[in-house]
Amino acid sequence: MGKVFDVVVIGGGPAGYVAAIRAGQLGLSVACAEGNPYADPKGEPRLGGTCLNVGCIPSKALLQSSENYHLLHDGFGQHGISVKDATIDIATMLGRKDKIVTQFTSGIKGLFKKNKVTFLPGHGKFVAAGGAGWQLEVGGEAVEARHVIVATGSNARKLPGVPVDNEVIVDNVGALEFKTVPKTLGIIGLGRFIPSRRDGRDVMIPVEEYRHEMIQRVLREAGNLDEFRQLWIESQDRRKLIEHLQGDNLSPDLLRDFERMTDYDNYDLFAHHGYHARALKRPERKVVYLTGNEAWFASLDPKAATVLKGLGHQFEVGGTEALETPTLWEVPEIKAAGGLDALRTIGTPVAVMKDAKTRLFAA
Ligand SMILES: Cc1cc2nc3c(=O)[nH]c(=O)nc-3n(C[C@H](O)[C@H](O)[C@H](O)COP(=O)(O)OP(=O)(O)OC[C@H]3O[C@@H](n4cnc5c(N)ncnc54)[C@H](O)[C@@H]3O)c2cc1C
C-alpha cells in the first residue's frame, strides 16, 4: 500500500498547484503529481504547467524584450532619444526568459513546502478504485487518495498531416525558442485581430482588446444606458462620440463587422457590449417601433404618421445614419406624405424627430 493522502492533484499547472496549495491551507494532507520536465536541465518534472513553462510567463518575458527593442528603434525618437545601431541578441533574450521561468517554477516548490504539499514527480495514473478511495501510481510509485483532482490541462492541437518538428513547424513550445528572428512567419489559429494604428504604427489588435478600448471610451461619455440613449438621439452628441472614437483609431463599423453584428445598428453594438442591453437587429427594432407605437401613430395626423412610420423602414435599411441624412426626405414614401411639412403639423420637426427616435431606441 502506498502513502495515503486526503487529496492527490494530478497536474502541476496553475489549476493543479493552486488547488493543492489551497487544500494544504485547509489542513488536508495533499500531494501534487507532475510528469513533464519541460526544459529542466536535469530532466526532472517541473511545476507550473503550460502557463509558467511554455505559455503565459515565457511569452510575456519575450514580449517585454521585443517591446523594448521596438521602443529603442521606433518609440523613443518622439522623446528626442535616439540610439544608433541597436541590435538584438536572441540568445541573451532567451536566456533571460529561461531565468524568469526557472525562478517562477521553483517558486512554486517553495510554496508547496510552506503549505505542506508533497510534490510527486512523475506521470500519474489511476490504478483502481479501493483502499482509501483511489489507488494511483505516480512515476511507478503507489499512492492512495481519498479524493483526486484531475488538473491535467491541455496540449496544442496538432493538425492532421502537419507534423510539428519545432524547427520549421512550431507549436507554443517551439515558438518560444526561435534562435533567430524569422524573416517570414505564417500563423495558423491566429485568433481575431482588427487592423488599427497606434503611436503612428499599423498594428493588429485582438478583437477583445479593441472592443474593450472602444466600450471604455463610450462609457466615459455615458455612464448608463439612459444617458447613452440620450446621447445617441442627439445627433450632434452622437457625431461627436463617433469622431472621438475615430480620432482614437477606433471604428464602430469595423468592430460591428468583426463581431458579426452587421444586421445591427451601432446603437445596439454599444448598448449590448457597454450596458448589457439585449441587442435587436435593425428589422427587429423597426417592428418593435411600429407595433409598440400603434396608438401613437393612430393619434396623429395620418400624413405625419406615415412619415414617422417611414422612419422605421429607413432605420431597417440604413440604421441611425439613414435618419440623419437629407436624402431621408427624398424617400418616396416620406416625400409623398409631405415630409418635413407633415411633421410641422404636429410640432417642430426637431422635437418630433427626437420623440420618434426616443421611441425607436426605447426597447
Ligand atoms: C503561448 C501561450 C500564452 C498564454 N498566455 C496566457 C496569458 O497571458 N494569460 C492567461 O490567462 N493564459 C495564458 N495562456 C493559457 C494558460 O497557459 C493556460 O490556460 C493554463 O496553463 C491552464 O492551466 P492548467 O493548470 O489547466 O493546465 P496546464 O498549464 O496545461 O497544466 C497541466 C499540467 O498537468 C500535467 N499533466 C498532464 N497529465 C498528467 C499526468 N497524467 N500526470 C502528471 N502530470 C500531468 C502537464 O504536464 C501540465 O504541466 C497561454 C498559453 C499559451 C500556450
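All of the numbers you see were taken from the coordinates with simple rules; none came from a lab. In this text, all values refer to a predicted model and were calculated from it rather than measured experimentally. Positions of Cβ are generated from backbone atoms using ideal geometry, with glycine treated the same way; all protein chains shown enter the neighbour counts.
So the values come out like this:
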item	result
Segment residue 295-residue 39, length gained on full extension (0.36 nm per residue, minus Cα span)	84.9 nm
Interatomic Cα distance distribution for the chain, bins of 20 angstrom, percent	21, 33, 29, 15, 1
Whole-number percent relative contact order across the chain, with pairs defined as alpha carbons under 8 Å at least 6 apart	13 percent
Cut-off under 5 Å, modelled amide H: who pairs with residue 36 long-range	46
Total formal charge among the other residues, if their Cβ is under 15 angstrom from that of residue 337, Lys/Arg +1 and Asp/Glu -1	0
Long-range amide H partners of residue 205 with built H, under 5 Å	194, 196
Å³ per residue enclosed by the Cα convex hull of segment 202-282	85 Å³
Nearest-20 debye value, segment 202-275 charge dipole, Cβ charges on Lys, Arg, Asp, Glu	140 debye
Residue among 27, 110, 9 farthest towards the positive dipole end of segment 1-122, charges placed on Cβ	27
Estimated FRET transfer efficiency when R0 is 45 angstrom, pair residue 344-residue 188 (beta carbons, to 0.05)	0.15
Amide H partners (placed H, <5 Å) of residue 117, local residues excluded	none
Per-residue ³J(HN,Hα) for segment 126-142, Karplus 6.51 cos²θ - 1.76 cosθ + 1.60, θ = phi - 60°, Hz, x for Gly and Pro	6, 10, 6, 8, x, x, 5, x, 9, 9, 10, 10, 10, x, x, 9, 7
Centroid-to-centroid separation of segment 105-120 and segment 209-238 [C-alpha atoms, Å]	48 Å
Table column - 3J(HN,Hα) (Hz), segment 42-53, Karplus curve with 6.51, -1.76, 1.60, x for Gly and Pro	8, x, 8, x, 10, 7, x, x, 4, 4, 7, 9
R0 of 35 Å, Cβ-Cβ distance residue 221-residue 330: FRET efficiency to nearest 0.05	0.60
Dipole magnitude of segment 3-150, debye to nearest 20 (Cβ charges: Lys/Arg +1, Asp/Glu -1, about Cα centre)	420 debye
Most positive-pole-ward Cα, 311, 334, 346, against dipole of segment 311-352 from beta carbon charges	346
Helix-only CD estimate at 222 nm, as mean residue ellipticity for the chain, using -39500 (n - 2.57) per DSSP H run (n ≥ 4)	-14500 deg cm²/dmol
Environment charge of residue 208, counting only residues whose C-beta is closer than 14 Å and scoring Lys/Arg +1, Asp/Glu -1	-1
Alpha-carbon centroids, segment 9-87 and segment 243-265: separation in whole Å	34 Å
Candidate lysines for bridging to residue 286, where Cα separation is under 24 Å - those fewer than 8 sequence places away on the same chain excluded	303, 309, 335, 354, 357
With Cα atoms, 0 to 90° folded angle of helix 207-221 axis to the chain main axis	50 degrees
Charge dipole magnitude, Cβ of K and R +1, D and E -1 - the chain, Cα centre, debye nearest 20	820 debye
Two-site label geometry, residue 260 and residue 18: point separation in nm, points 7 Å out along Cα→Cβ	2.9 nm
